[in-house]
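Contents: one structure, followed by commentary.
The values are calculated or read from the model by the stated rules, or taken from the named source; none is laboratory data. Everything numeric here is computed off the predicted structure, so don't read it as measured data. Cβ atoms come from the backbone with ideal geometry, glycine included; neighbour counts cover every protein chain shown. All accessible areas refer to the heavy atoms of the entire protein, side chains included, with ligands and DNA or RNA removed. Shrake-Rupley method; radii C 1.70, N 1.55, O 1.52, S 1.80 Å.
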Amino acid sequence: LQQLLQQELSSLPRVVQECTRHVQERAPQDKSALTVDADPSLMLQLRKAFERSPEAGQRALLTCMDAAPRGSGEYADVRAACSLVRSFLIELPQPLVPVELFLPLLEAAQLGPTSADKPLGAQLEALLVPMAHEQWALLEHLLCFLVNASRAFDGHDQAFRQLLARVWAPCILRAPARTMSQFHGKVIDAMARALLGLLDLRRAET
């Protein structure tokens with residue numbers, strides 16, 4: 001991540017910046033646009049455009065709807081942008097959240113709030129203090145993006161909030177299989193609970 005940012009002379013990866021900006025500007029009214037994978041051919045086109053340059057990626061985002069296969073739906077471009085961000089996170093050589101923080105984070109999420117005065121999100125955030133600046137900046141950007149992009153329809157929809165967390169958590173909170181096997185509980189559930197805790201903290205702050 002640090003190497004990429006140095007190459008791009010940017011504080012955040014350009015592909016993440018442009019894709020999340022596009023999604024928020026489009027303000028999708030279909031909640032599935034944030035959680036359903038894009039048409040593979042459309043995402044591949046978008047990915048190749050960003051590999052050429054951030055500017056080519058920007059142009060591809062604007063023409064995604066014209067390039068979308070027939071029947072892809074109104075928000076094919078949003079699904080492609082979200083899928084590309086998730087793919088970027090999964091393919092990072094090192095997980096966004098350091099592996100050594102994975103188990104403490106999941107154990108705290110599984111335990112739940114341990115203080116009435118301190119919400120779960122704040123307790124989880126305290127565990128993330130050792131993260132490098134570049135990692136923290138990207139995590140903060142993603143949390144704010146998910147809060148803003150889903151704000152229109154997740155207020156009273158607990159099922160959607162759970163789905164959003166279960167789709168995005170494995171991309172943000174990654175760890176090798178040997179690390180995940182050390183967790184005593186349902187890994188995906190704990191990952192989703194951790195992400196929800198962090199998202200709820202951001203919602204409360206905005």
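So here's what we get for this one:
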{"quantity": "Length gained when the stretch residue 52-residue 6 is fully extended (0.36 nm per residue, less Cα-Cα span)", "calculated": "14.8 nm"}
{"quantity": "FRET efficiency for residue 148 and residue 74, using Cβ-Cβ distance with R0 set to 22 Å, rounded to 0.05", "calculated": "0.65"}
{"quantity": "Among 195, 34, 111: highest mean-square fluctuation, GNM of the chain, C-alpha pairs under 10 Å", "calculated": "111"}
{"quantity": "Charge tally in the Cβ shell below 11 Å around residue 110, where Lys, Arg are +1 and Asp, Glu are -1, residue 110 excluded", "calculated": "0"}
{"quantity": "Fluctuation leader among 191, 131, 43 - the chain, Gaussian network, Cα springs under 10 angstrom", "calculated": "131"}
{"quantity": "Portion, in percent, of the accessible area of the chain that falls on carbon or sulfur, probe 1.4 Å", "calculated": "54"}
{"quantity": "Value of relative contact order over the stretch 1-158, rounded to a whole percent, pairs C-alpha under 8 Å and six or more apart", "calculated": "29"}
{"quantity": "Within the stretch 40-84, backbone nitrogen closer than 19 Å to the virtual label 7 Å beyond the Cα of residue 137 toward Cβ", "calculated": "54-55"}
{"quantity": "Sequence-separation-based contact order of the stretch 94-195, relative, with Cα cut under 8 Å and 6+ spacing, percent", "calculated": "48"}
{"quantity": "Whole-angstrom gap from the stretch 61-76 to the stretch 142-206, using each part's C-alpha centre", "calculated": "27"}
{"quantity": "Average projection area in nm² (convex hull over Cα atoms of the chain, one quarter of hull surface)", "calculated": "11.8"}
{"quantity": "Radius 13 Å from Cβ of residue 143, net charge of other residues (Lys, Arg +1; Asp, Glu -1)", "calculated": "-1"}
